[in-house]
Amino acid sequence: MTAERPSTAMDYAVVIPAWNAAGHIRTALDSVFAQTRAPAQVVVVDDGSPDGEALRVALADYGDRVILLRQANAGPAAARNTGVRACTTQWVAFLDADDHWLPDKMQRQLAMAVRDSRAGLLHGCARANLPRLPKELDFATLWRRNRICTSMTVVRRSAFEQLGGFDASPALVGAEDYHLWLRIAHAGWRVLAVQELIGHYTPAEGSITSRIERCAHAEVHNARVLGQSLGLPQDQVKRKVRHIRTDFGQHLLHARQPVIARRMLQDAMLCRFSLRRLGLWSATWVPRSLLDLRRRLRAGSR
């Protein structure tokens, strides 16, 4: 659906990639159409999903308010790029089919940035239990850790096009969004946040272990590719890779996957020894029953 009113600097489109999303996409769409600032366009991209016909049926009640595009399966980055190409607005918001927004999300974000010609990426809080977001992220801060939830992002179309959109390389699946956010910040665009809760991120179902391991490999690849393309110091890239392996090793230990966690932490220690890595690596040899007991005791003391 294209807005009938004259285009303004506050107009935006929404792009939703869909993969087996027929059963839950209505919650995401209902949150879009409940916005206090209505979208000019809503584009759903069926990424070659096996539930394509069920998705078409789920979207039928929205009529021409939703544009449904189909493509052969190519991953979330390619699906978002396809959606953006179908949009005509200055701003494009991304939303995953299993997440949803609070009603004033878009109103607050656009009001914050519409008068700032260097605002290229907007985001906001997606989980109430996480540390407060900084009002602005520069490249150095974002390089240290990704604080941006894709379903809460809005990008300026000119920034998106300048940088060529999402990189759809298979090796980046799981980090393709972070890859773009870093490039936006490095190019000099401002990255601004609504610090309060503006929506809800719902982790996808599936194997937690496989997702963590896949994202870890994607983030290592992301750091190395960006290090080369942006001309970053080699020490900076190596330090980032160590931190990625350490953090994901800790996540895998928490998910009770000691063998994979041990391998990841060992790789980090081979690059540079630290007491933290040694402690985590040592914990991978502790029986699960003792780790679970420690977890229960810590939870009970809070």
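Sort 288-299, 228-239, 169-180 by the packing proxy (mean of other Cβ within 10 Å over each peptide's residues), most packed first. Intermediate values should be presented prior to the final figure.
Working: 288-299: 10.4, 228-239: 12.5, 169-180: 20.2.
Answer by packing, highest mean first, reads 169-180, 228-239, 288-299.
Hey, what did the chain get for relative contact order, percent, Cα under 8 Å, at least 6 apart?
Details: 509 pairs, mean separation 48.7, N = 302.
Relative contact order for the chain comes out at 16 percent.
Mind jotting down a quarter of the surface of the convex hull over the alpha carbons of the chain, in square nanometres, one decimal?
Values: hull surface 67.2 nm².
Spelled out: convex hull of the Cα atoms, projected over all directions, averaged, 16.8 nm².
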### Dipole of region 186-302 [Lys/Arg +1, Asp/Glu -1 at C-beta], most positive-end residue of PRO203, LEU278, LEU265
LEU278
### Query
For region 208-289, taking Cα atoms only, what is the radius of gyration to one decimal and the Dmax to the nearest whole Å?
13.1, 47
### Query
Relative contact order, percent, of region 112-172 when contacts are C-alpha pairs under 8 Å separated by at least 6 residues?
43 percent
### Relative contact order (%) - criterion: Cα under 8 Å, at least six apart; region: region 140-200
36 percent
## Note on the structure
Any residue on another chain or 5+ positions along whose placed amide H is under 5 Å from the amide H of CYS149 is listed here as GLY124
### Query
In a GNM of the chain with a 10 Å cut-off on Cα contacts, which of ARG183, ARG132, ARG245 has the highest mean-square fluctuation?
ARG132
#### Entry: In sequence order, calculated HN-Hα J values of region 103-113 (Karplus, 6.51, -1.76, 1.60; Hz; x Gly/Pro)
x, 9, 4, 5, 4, 5, 5, 5, 4, 6, 10
### Query
Using the Cβ atoms and a cut-off under 12 Å, what net charge is assigned to the surroundings of TYR62, where Lys and Arg are +1 and Asp and Glu are -1?
0
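Highest first, please rank the peptides 45-54, 119-128, 133-142 by the mean number of other Cβ atoms sitting within 10 Å of their residues. Can you show the working numbers first?
Numbers: 45-54: 17.9, 119-128: 20.7, 133-142: 15.7.
The most tightly packed comes first, giving 119-128, 45-54, 133-142.
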### Query
HN-Hα J couplings of region 180-196 from phi, Karplus 6.51/-1.76/1.60, θ = phi - 60°, integer Hz, Gly and Pro as x?
6, 4, 5, 5, 4, 5, 5, 6, x, 6, 7, 10, 10, 10, 7, 6, 8
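Report, to one decimal in Å, the Kirkwood hydrodynamic radius for region 4-100 based on all distinct Cα pairs. Present the calculation step by step, with values, prior to reporting the outcome.
Numbers: mean 1/r = 0.0750 Å⁻¹.
About 13.3 Å, per the Kirkwood formula over Cα pairs.
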### Summary
If R0 = 22 Å, then THR27 and ARG211, at their Cβ-Cβ distance, give a FRET efficiency to the nearest 0.05 of 0.55
#### Entry: Cα-based Rg / Dmax (Å) for region 127-255
14.8, 42
## Note on the structure
Charge tally for neighbours of PRO134 with beta carbon under 14 Å away, counting Lys, Arg as +1 and Asp, Glu as -1, is +3
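Taken together, the values in this text are just the output of simple stated rules run on the coordinates, not laboratory data. The model shown is predicted, which means the values in this text are computed figures rather than measured ones. In this analysis, Cβ positions are derived from the backbone assuming ideal geometry, glycine residues included, and neighbour counts consider all displayed protein chains.
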